[in-house]
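The values are calculated or read from the model by the stated rules, or taken from the named source; none is laboratory data. Predicted model, so just to flag it, every value in this text is computed and none were measured. All Cβ positions, even for glycine, are placed from backbone atoms using ideal geometry, and neighbour counts span all protein chains on display.
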Amino acid sequence: MRDPLEILRTTFGFSGFRGVQADVVDRVLAGQHTLAVMPTGAGKSLTYQLPSQLLEGTCLVISPLIALMHDQLRAAEAVGIRAATLTSVDSNRDETIERFRGGALDLLYVAPERASGEGFRTLLSQAPLALFAIDEAHCVSEWGHDFRPDYRLLRPLLDRFPDVPRLALTATADAHTRADICEQLGIPRDGMIVAGFDRPNIRYAISPRDQTTRQIADLMADQPGPGIVYAQTRAATEKLAEALGRTGRPTRAYHAGLDPAVRARNQADFVASEDMVICATVAFGMGIDKPDVRFVAHAGLPKSIEAYYQETGRAGRDGDPAVAHLFWGADDFARARQRIAEVEPARQPGERTRLTALAALVETAGCRRAILLRHFGEDPPEACGNCDNCLNAPAAVDATVVAQKYLSAV
Ligand code: ADP
Ligand code: MG
């Protein structure tokens, strides 16, 4: 077998593995089922792309979003990997199937509903298979923050090929969800590799909302670089983009209801810009590679700590200082509780647990980062020194003020 490090350098142009990448690649090359939990931007794709260059046969990549698949396809082809997607929007499906059967593909991207179809199962038994890579694997768990029933259909398919190694990948899964992913996909518990979650260059801040637009404009004044503002509704993204544009900064809106051409242009403008602020729903961000985002603001409560971590994680990927500021109101919690009451009963306990975890994060007087990291199973120090509570230490400040008043009164 060729040397993985050499392929890392020559094909991918990287000087070394990052974090746990090497451990994950080692397991995959050894044919062991693995769950890799690595933060957004840590380089999960490489952990199957690189083995696809070394293993005999095709690596089948299960991915939930067609748009993401096409981004990944372009990136893979750009470094000379033989890759294809098999989706409803591809016109070259016959050609792709021929290449797959003939062993002429390193990577084949498919959606879970296609992968589990009868026709596809037959095709799989006719083609050389090297690896199953299951991206966004938290989608398989009802405990995860983004359950997709189609992911549950994968297991029978995987079990038809017990000798083909499975690599499940996710950025955001708490301990409970991780265990469930292993269970659902037939991965042994000791096949789990979890990377560190800390993003020390991100300063976390959380404040009650009073005048959201002004609060975000103040944040923008402190952060001249590119920024993302997450809003709850499509209408809110447009209103915010307009209002914040009055500060003189270029702004754009982004949501799934925009004309696709406009949406694509707004995204491209943002990626190219050094000072633009994009006001978006959570539809924005997945698969976008912009390292110099200086702030992420939430104009309302995110869906879960996992979602918060993932969304704020788009700030400061270049390692330079960045800010994540969440503005919340009591009405956010009221709405969230109402939404929970409307989901199917079996999912309500999980949703309630998620909401309680969020409440603990926004209401704490202690270190925000410590709460985040503990949520992902780490054992952080009591105080990080780089979140609002550590920097302002509200209790201590109040005590001083009270003491001064008391002293000046006597
Ligand atoms: P994830 O899926 O974990 O969010 P990606 O696989 O999209 O992350 O990778 C994020 C970025 O990191 C990409 O631009 C990728 O090229 C880069 N990257 C991956 N591995 C390495 C490495 N070993 N050295 C340098 N850059 C890397
Ligand atoms: Mg990824």
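Filter the range 141-157 for residues that are crowded, with 23+ Cβ neighbours inside 10 Å, part of a helix (DSSP H, G or I) and more than 16 Å from ligand 2 (Cβ to nearest atom) and give the result. Listed by number, the list holds a single entry, LEU154.
When residues in the range 1-14 are screened for being near ligand 1 (Cβ under 9 Å from one of its atoms), assigned to a loop (DSSP other than H, G, I, E, B) and among the hydrophobic types (A, V, I, L, M, F, W, C), 2 of them pass.
Restricting attention to the range 104-119, does a residue exist that is within 23 Å of ASP159 (Cβ to Cβ), at pLDDT below 95, more than 16 Å from ligand 2 (Cβ to nearest atom) and assigned to a loop (DSSP other than H, G, I, E, B)? Taking every residue of the range 104-119 in turn, at least one turns out to be within 23 Å of ASP159 (Cβ to Cβ), at pLDDT below 95, more than 16 Å from ligand 2 (Cβ to nearest atom) and assigned to a loop (DSSP other than H, G, I, E, B). Name the residue that is farthest from the chain's Cα centre (by Cα), counting only residues in the range 73-92 that are part of a strand (DSSP E or B) and within 16 Å of ligand 2 (Cβ to nearest atom). Looking at residues that are part of a strand (DSSP E or B) and within 16 Å of ligand 2 (Cβ to nearest atom), I get ALA83.
Conditions tested, residue by residue: (1) more than 15 Å from the chain's Cα centre (by Cα); (2) of a type in the set (Val, Ile, Thr).
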{"site": "ARG160", "(1), (2)": "yes, no"}
{"site": "THR170", "(1), (2)": "no, yes"}
{"site": "LEU185", "(1), (2)": "yes, no"}
{"site": "GLY196", "(1), (2)": "no, no"}
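For the subset of the range 372-381 comprising residues that are surrounded by fewer than 20 Cβ atoms within 10 Å (Cβ to Cβ) and within 26 Å of SER141 (Cα to Cα), which member is modelled with the lowest pLDDT? Per the stated criteria, the residue is GLY377. Would it be correct to say that THR58 is under 16 Å from VAL164 (Cβ atoms), away from ligand 2 (no atom under 16 Å from the Cβ) and among the hydroxyl-bearing types (Ser, Thr, Tyr)? Considered against the rule, which asks whether it is under 16 Å from VAL164 (Cβ atoms), away from ligand 2 (no atom under 16 Å from the Cβ) and among the hydroxyl-bearing types (Ser, Thr, Tyr), THR58 comes out as yes. Once the range 86-101 is narrowed to residues that are in contact with a helix residue (DSSP H, G or I) (Cβ under 7 Å, 6 or more places away or on another chain) and loosely packed, with under 15 Cβ neighbours inside 10 Å, the residue that is nearest to THR10 (Cα to Cα) is ARG101. Scanning the range 15-40 for residues being within 12 Å of ligand 1 (Cβ to nearest atom), touching a residue at least 24 places away in the same chain (Cβ under 8 Å) and surrounded by fewer than 16 Cβ atoms within 10 Å (Cβ to Cβ) gives a total of 2.
Residues in the range 172-190 that are in a loop (DSSP other than H, G, I, E, B), out of contact with any helix residue (DSSP H, G or I) (no Cβ under 6 Å at 6 or more places or on another chain) and aliphatic (A, V, I, L, M): ILE187 only.
Here CYS59 meets the list (1) outside any strand (DSSP E or B); (2) surrounded by 16 or more Cβ atoms within 10 Å (Cβ to Cβ); (3) away from ligand 1 (no atom under 13 Å from the Cβ) almost entirely, failing just condition (1).
Okay, residues lined up against (1) among the aliphatic types (A, V, I, L, M); (2) in contact (Cβ under 8 Å) with a residue 24 or more places away in the chain; (3) over 21 Å from ARG209 (Cβ atoms); (4) surrounded by 15 or more Cβ atoms within 10 Å (Cβ to Cβ):
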position	(1), (2), (3), (4)
THR251	no, yes, no, yes
VAL262	yes, no, yes, no
GLN267	no, no, yes, yes
ALA283	yes, yes, yes, yes
LYS290	no, yes, yes, yes
ARG294	no, yes, yes, yes
GLU306	no, yes, yes, yes
ALA334	yes, no, no, no
ARG352	no, no, yes, no
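Of the candidates LEU50, LEU68, the single residue that is modelled with pLDDT of 95 or more and within 12 Å of ligand 1 (Cβ to nearest atom) is LEU50. When you scan the range 127-138, do you find a residue that is aliphatic (A, V, I, L, M), at pLDDT below 95, under 23 Å from the mean Cα position of the chain (by Cα) and in a loop (DSSP other than H, G, I, E, B), even just one? Looking for residues that are aliphatic (A, V, I, L, M), at pLDDT below 95, under 23 Å from the mean Cα position of the chain (by Cα) and in a loop (DSSP other than H, G, I, E, B), one finds none in the range 127-138, hence no.
Would you mind finding the one in ALA137, ALA104, ALA75, ALA83 that is closer than 17 Å to LYS44 by Cβ, surrounded by fewer than 21 Cβ atoms within 10 Å (Cβ to Cβ) and of a type in the set (Gly, Ala, Ser)?
Numbers: ALA137 fails: surrounded by fewer than 21 Cβ atoms within 10 Å (Cβ to Cβ); ALA104 fails: closer than 17 Å to LYS44 by Cβ; ALA83 fails: surrounded by fewer than 21 Cβ atoms within 10 Å (Cβ to Cβ).
Of the residues listed, the single one that is closer than 17 Å to LYS44 by Cβ, surrounded by fewer than 21 Cβ atoms within 10 Å (Cβ to Cβ) and of a type in the set (Gly, Ala, Ser) is ALA75.
Number of residues in the range 257-314 that are of a type in the set (Asp, Glu), within 16 Å of ligand 2 (Cβ to nearest atom) and out of contact with any strand residue (DSSP E or B) (no Cβ under 8 Å at 6 or more places or on another chain): the value is 2.
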